[in-house]
Amino acid sequence: MSLADTLAAVTRIPGVRGALVVSGRDGLVVAEALMEGVDGRAVAALTGSVAGRMLGLTGALGAPPPALLHLQAAEGALLAAYAPSGLLVVAVTAPDVNAGEVRLALLQAAEHAA
């Protein structure tokens, strides 16, 4: 599955404002499919930073690494799934999105992200 196909599977979900593939190591955009007004670089930097901190925290606690991050805000959410390759598959959503559907799509996309 190509990165474009991966992003398309996530952006087809109603309420998803955009999807990105982000380098987990440095928070840079690898691929994106975003609605106008969504700053992909800012989303990537935030996601990379939070994801790295979560990996460090779980490692320090001796816990397994997280599979998914979900940051909820008043005007939407940011969800990210860790891919085995070190990439993150990220969705930016509206507040009324079906978060469970987005989580499943991200986890499936993360399996295919190279």
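The numbers here are math on the coordinates, done by the rules we state, and not lab data. Please read all numbers here as calculations on a predicted model, not as lab measurements.
Only DSSP H runs of four or more residues enter the estimate; each adds -39500 (n - 2.57), and after division by the residues of the chain the mean residue ellipticity at 222 nm equals -12500 deg cm²/dmol.
Taking the centroid of alpha carbons for each part, the range 27-63 and the range 70-114 are 11 Å apart.
Comparing A74, A83, A94 in a Gaussian network model of the chain where C-alpha atoms under 10 Å apart are linked, the largest mean-square fluctuation is found at A74. Summary value for the chain: 30 percent relative contact order, contacts being C-alpha pairs under 8 angstrom separated by 6+ residues. Over the chain, the fraction of Cα-Cα pairs per 5 Å bin, rounded to whole percents and listed from the shortest bin up, is 2, 14, 26, 26, 20, 8, 3, 1, 0. Computed from backbone phi, the HN-Hα couplings of the range 29-44 come to 6, 9, 7, 8, 9, 10, 6, 4, x, 9, 7, x, 5, 5, 4, 5 Hz, rounded to whole numbers (Karplus: 6.51 cos²θ - 1.76 cosθ + 1.60, θ = phi - 60°; Gly and Pro given as x).
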